[in-house]
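Participant: Got a structure here, written out as C-alpha cells. Questions coming.
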C-alpha cells in the first residue's frame, strides 16, 4: 500500500463522508472490512460542537447496521472496554490483547457478540485533537489475528489514521464556518486574545493598544464567553483551532 497515494487523494476531498469512504477502501487492502470514527466523549457540549445528533459520540460509521443498532440499544458505550481504554492512553488498542487482560463478564459478553456480528478482530487508534478533544478510529475484520498481521501493518495504519484525522479537522472547520458555528470576535477582541496568546498581561496589552487595562479585561471576558472558554489557555487554544488568532 502506498501511503503517499492515500495522502494525495484525501487532501483533495470535499466532505467527511468521502474521506471516510476513501479510508475504508484503503484499510480494506489490509484486510479490514469495517470502520468507525467517534468522539471520545458523550458530553453534550462535545456532541454539539461536532454536530453529532445521537446521544453517543459516533461521527462516521461503517460497522454492520445490525451491530450498531444492538450496540446502541444495549448502551454498550458504558462498558465498551476499547472505548474505556482509548480515552486514557496514547497507544492503540488491539482487540485481541483484551482477551489476556481482566475484563468483566459484561465486557466479555459484548466482545463475544461483536465477534458474532463480524467484528472479530481489530485495532483502535486514539486521536488527540486541540482543546483536549479526544477521538477514536477503529478498524475491524472477521479474519483471524494472524492473517491481519496487525503489528506488521501498524506503522501504515497509524499514518493513515493520522492523515484521516488531519483532513477531517480541516473539513470540519470549513463546515463549521459555513454553518456559522465558529464564533465571531470583534477586531478588538481578537487583538486582545492575540496578544494574550503571546504571553502579554492585560496591563501590557492596554499599553500596546492604547486602551485601559479594564477595557482589555472587558474584551477578553467577551471573547471567553463567545468561545465557551473557562480561562485564558482554553480561549487561546480554541481561538487557534478556529483560525481566529495565530501564533
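Participant: Filter the stretch 184-225 down to the residues that are in contact (Cβ under 8 Å) with a residue 40 or more places away in the chain and surrounded by fewer than 16 Cβ atoms within 10 Å (Cβ to Cβ), then identify the one that is nearest to residue 246 (Cα to Cα).
Facilitator: Step one: list which residues in the stretch 184-225 are in contact (Cβ under 8 Å) with a residue 40 or more places away in the chain, which gives 184-185, 190, 193-194, 196-198.
Checking which are surrounded by fewer than 16 Cβ atoms within 10 Å (Cβ to Cβ) leaves us with 184, 198.
Details: 184: 15, 198: 10 Å.
Only one residue tops the list, namely 198.
Participant: Look at residue 133 and say whether it is in the same structural domain as residue 167 (by TED's automatic domain parsing) and over 19 Å from residue 39 (Cβ atoms). If you could, list the steps in order and put the result at the bottom.
Facilitator: Details: in the same structural domain as residue 167 (by TED's automatic domain parsing): yes; over 19 Å from residue 39 (Cβ atoms): no.
In short, no.
Participant: Do any helices (runs of 4 or more DSSP H) lying entirely in the stretch 187-247 carry at least 3 residues that are under 30 Å from residue 171 (Cα atoms), in contact with a helix residue (DSSP H, G or I) (Cβ under 7 Å, 6 or more places away or on another chain) and not assigned by TED's automatic domain parsing to the domain that holds residue 169, and which ones are they? Walk me through how you get there before you give the answer.
Facilitator: Numbers: elements: 187-197, 202-209, 213-227, 232-241.
In the stretch 187-247, 187-197, 213-227, 232-241 are the helices (runs of 4 or more DSSP H) which contain 3 or more residues that are under 30 Å from residue 171 (Cα atoms), in contact with a helix residue (DSSP H, G or I) (Cβ under 7 Å, 6 or more places away or on another chain) and not assigned by TED's automatic domain parsing to the domain that holds residue 169.
Participant: Among the helices (runs of 4 or more DSSP H) lying completely within the stretch 1-99, list those that include at least 3 residues that are at pLDDT 85 or above and more than 30 Å from residue 226 (Cβ to Cβ).
Facilitator: 3-11, 16-28, 65-73, 81-86
The values are calculated or read from the model by the stated rules, or taken from the named source; none is laboratory data. Keep in mind it's a predicted model, so treat the numbers as computed, not measured. All Cβ positions, even for glycine, are placed from backbone atoms using ideal geometry, and neighbour counts span all protein chains on display.
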